[in-house]
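Read the structure below first, then the notes.
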Amino acid sequence: MQKNKVRKAVIPVAGFGTRLFPATKVVKKELFPIIDRDGRAKPVILAIIEEAISAGITEVGIVVQPDDKEIFENLLKNPPKKELLNKLSPQNQEYSQYLEHLGSKITILLQEEQLGYGHAVFCAKDWVQDEPFLLMLGDHIYTSDIDKSCASQVLNVYEQVNQSVVSLTTTPAENLHISGCVTGVWQELNSILEVTQLYEKPTIEFAQQYLRVQGMVENEFLCIFGLYLLTPKIFDFLAEHINQNFRERGEFQLTSCLDRLRQEEGMTGYVVKGKCFDTGLPDAYRQTMIDFRNC
Ligand code: UTP
């Protein structure tokens, strides 16, 4: 196997989605519907899986709460009920077959306790094993500005630089409180960055002092776009934080481990030629529903 060939993607979907309560009392946010550019009503997770597959990923691990295993299996592993299948249009019957084929690439993994995003990623360790992998947020979907999908762009950069890659987008200061922020030194202006620091949800004052990037306008910063290409070394740092019960805001976070990974192995930031749509907040979800279909 080619050393830096990326085969696996991990999508953690085991959170509670508190910001979308009470809808998330009955529907996981990763199962909320969106209308995709092909005009189909899809659960968010399906658009994310398709993004991974578009980049040549052949195995997708989805980290779920034990109580949600059945619903994800029903969507991704089981055929629809016969009565439903018979009533579907020929196009949707065909799509249903394609879904079953997609299902064969998916493994459901469990996060027994909801101890944070970093902890959910750690739950994929045994499945990922000793390979680089694509990590995808469960509540972000993407459109590319070029003919390569956003996930393919990130994979291509990884194949070039051979170190972990964090995808980035330009973000106005007023959105820093919901974002992981990154600073560094441009290797290729406005495209490829040598990352020198990652910082979760900084204040505007902190960002202005420490996270400015050369050449960017005063109130714009580089923030995480939701796709990461990580080496398996990340699991060592996550394991250390979990074993030492090192929590931030009560949970095991990913960003501080990403920063340790950066220090140990180096990390490249890549400004994706595309857009990222958040579905994890009420108004962002509403805007995604409006914009995603036509972009
Ligand atoms: P988020 O913080 O966006 O999701 O985590 P959340 O915790 O479900 O949502 P809020 O903040 O309460 O509204 C990023 C991703 O990590 C998953 C989420 O499902 C989401 O896709 N996650 C989060 C887990 O799998 N397990 C966790 O313990 C926490």
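For the stretch 18-56, which GluC sites (Glu not before Pro) are both in a DSSP coil and crowded by at most 16 other Cβ atoms within 10 Å?
Sparse-neighbourhood loop GluC sites (Glu not before Pro): none present.
Which one, GLN263, GLN111, GLN253, has the greatest fluctuation when you compute a Gaussian network model over the chain with C-alpha springs under 10 angstrom?
Greatest mean-square fluctuation among the candidates belongs to GLN263.
To the nearest 10 degrees, how steeply does helix 255-265 sit against the main Cα axis of the chain, on a 0 to 90 scale?
60 degrees
Tabulate in residue order the Karplus-calculated ³J(HN,Hα) for the stretch 42-58, using 6.51 cos²θ - 1.76 cosθ + 1.60 with θ = phi - 60°, rounded to whole Hz; enter x for Gly and Pro.
Couplings: 10, x, 3, 4, 5, 5, 5, 4, 5, 4, 4, 5, 4, 9, x, 5, 10 Hz.
If the chain between TYR210 and LYS81 were fully stretched, how many nm would it gain, using 0.36 nm times the residue separation less the Cα-Cα distance?
Extra length from TYR210 to LYS81 when fully extended: 40.9 nm.
If the cut-off is a Cα-Cα distance under 24 Å, which lysines reach LYS5, setting aside same-chain residues fewer than 8 apart in sequence?
The qualifying lysines are LYS105, LYS125, LYS148, LYS233, LYS273.
Could you tell me which trypsin sites (Lys or Arg not before Pro) in the stretch 41-94 are loop residues by DSSP with no more than 13 other beta carbons within 10 angstrom of their beta carbon? Numbers along the way, then the final one.
Working: sites: LYS69, LYS77, LYS81, LYS82, LYS87; in loops: LYS77, LYS81.
In loop regions of the stretch 41-94 (DSSP not H, G, I, E or B), the sparsely surrounded trypsin sites (Lys or Arg not before Pro) are LYS81.
Of the residues LEU189, LEU109, LEU168, which exhibits the maximal mean-square fluctuation in a Gaussian network model of the chain defined by a 10 Å Cα contact cut-off?
LEU189
Return the distance in nm (one decimal) between the two label points of a simple spin-label model at SER96 and ASP126, each offset 7 Å from Cα along Cα→Cβ.
So the label points at SER96 and ASP126 sit 3.5 nm apart.
Are there trypsin sites (Lys or Arg not before Pro) in the stretch 217-295 that DSSP puts in a loop and that have at most 13 other Cβ atoms within 10 Å, and which ones?
Answer in residue order: ARG249, LYS273.
Have a look at PRO22, PRO80, PRO12 and tell me which one the Gaussian network model of the chain (Cα, springs below 10 Å) gives the largest fluctuation.
With Cα springs under 10 Å in the chain, the top fluctuation among PRO22, PRO80, PRO12 is at PRO22.
None of the figures in this text is laboratory data; all of them are computed from the coordinates on show. Note that the structure is a prediction, hence the values are computed from the model and not measured. Cβ: placed from backbone, ideal geometry, glycine included. Neighbour counts: every protein chain shown.
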